[in-house]
Amino acid sequence: MDMPKNIFKQKLRQGQWQVGLFVGLASSYSMEILAGAGFDWLVIDAEHSPNNPASVLAQLQAAAPYPVQLLVRPMSHDPALIKQYLDAGAQTLLLPLVDDAEQARQLVRAVRYPPEGIRGVAASLARAAQWTGIKDYVKHANAEVCLVVQVETRQGLENLDAILAVDGVDAVFIGPADLAASLGHLGDAGHPEVRAAIEAALARIAASGKAAGVFVTEPGLARHYRNCGASFIAVGGDTTLLRSAAVKLAGSFRDGKAEPDAAN
Ligand code: 3PY
Ligand code: MG
């Protein structure tokens, strides 16, 4: 079997518009529903959600038959954890809270085999390598791995140009919730200062030739951020979709008004 191409990475390089969803329910069963829903990409969240390499593996397996690209967001920059997700078959990783170029360089090293990096080698134990079934997996792996770093703090914004200059960083994704908190506007990602910072960051990322991404839930804002330079966006999360649909349904069968959706 030949090395599977990383379609998400190819499309990032071509500047193609890709729409995705955060997946936090930590269930291979609901993952399969989402995998067939029509998104370009889904990111399995193991930063905030109760996921681990075993539960992420089950979700990667559930989504595999569907035409959707899978990303994994690890809880930390730990190279040992990164190695497990890559071996489980994640080709694209979304790393949270990348604040400076040195962190970005260490992440590039974590996702690559030597001599460019430090990823440990055990193709016989790796689903990604089809347990040696993929021809020359270890020789092709570095080229197919896609590294997306999240810039979502004041420090990250200050160091954005240096982060963008790191070879091996394929894209930068802005996290509005953490960025708002870091800029002194906890819980208010729509604050004008946060919006302005996101707009400026997207333009800088796009001007650098790397792909820019952002989390956004309003269609109008998605169009606006696309005009600012974003080429891939997350438009929500499975937890929020389930909750809002459930609250709406429950409310529609009561006399009183339905509980309003939470802001975050
Ligand atoms: C954030 O908003 O902080 C995220 O990490 C996801 O968008
Ligand atoms: Mg965040």
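Coordinate-derived values only; no laboratory data. Just so it is clear, the structure is predicted and the values come from calculations on it, not from any experiment. Because the Cβ atoms are built from the backbone with ideal geometry, glycine has one as well, and the counts that use them run over all protein chains shown.
The count of lysine pairs in the chain that are at least 8 places apart or cross chains, and whose C-alpha atoms lie under 30 Å apart, stands at 18. The ranking of 199, 116 by Cβ neighbour count inside 10 Å, starting from the fewest, reads 116, 199.
Ranking 227, 117, 190 by how far each Cα lies toward the positive end of the dipole of the range 108-264 (charges on Cβ) leaves 117 at the top.
Specify the inter-centroid distance of the range 63-94 and the range 184-210, based on alpha-carbon positions, in whole Å. Using only Cα atoms to place each centre, the spacing works out to 26 Å. Spin-label pair residue 144-residue 221: with each label point 7 Å from Cα along the Cα-Cβ axis, the two points sit 3.6 nm from one another. Could you tell me whether the range 36-156 comes out rounded, prolate or oblate from its Cα gyration tensor? Rule is a ≥ b ≥ c as square roots of the eigenvalues, rounded for a/c under 1.5, then prolate if a/b exceeds b/c, otherwise oblate. Oblate shape, in that a/c is at least 1.5 and b/c is the bigger or equal ratio.
Using a Förster distance of 22 angstrom, determine the FRET efficiency expected from the C-beta separation of residue 2 and residue 127, and round it to 0.05. According to the calculation, E is roughly 0.85. With neighbours defined as other Cβ atoms within 10 Å of a residue's Cβ, the residues 92, 217 order from fewest to most as 217, 92.
Per-residue ellipticity at 222 nm from helix content only, as computed over the chain with -39500 (n - 2.57) for each DSSP H run of at least four residues, stands at -12500 deg cm²/dmol.
Each of 131, 41 was scored by other Cβ atoms within 10 Å of its Cβ. Arranged with the fewest first, they read 131, 41. Note on residue 244 and residue 29: the model spin-label points, each 7 Å out from Cα along the C-beta direction, lie 2.5 nm apart.
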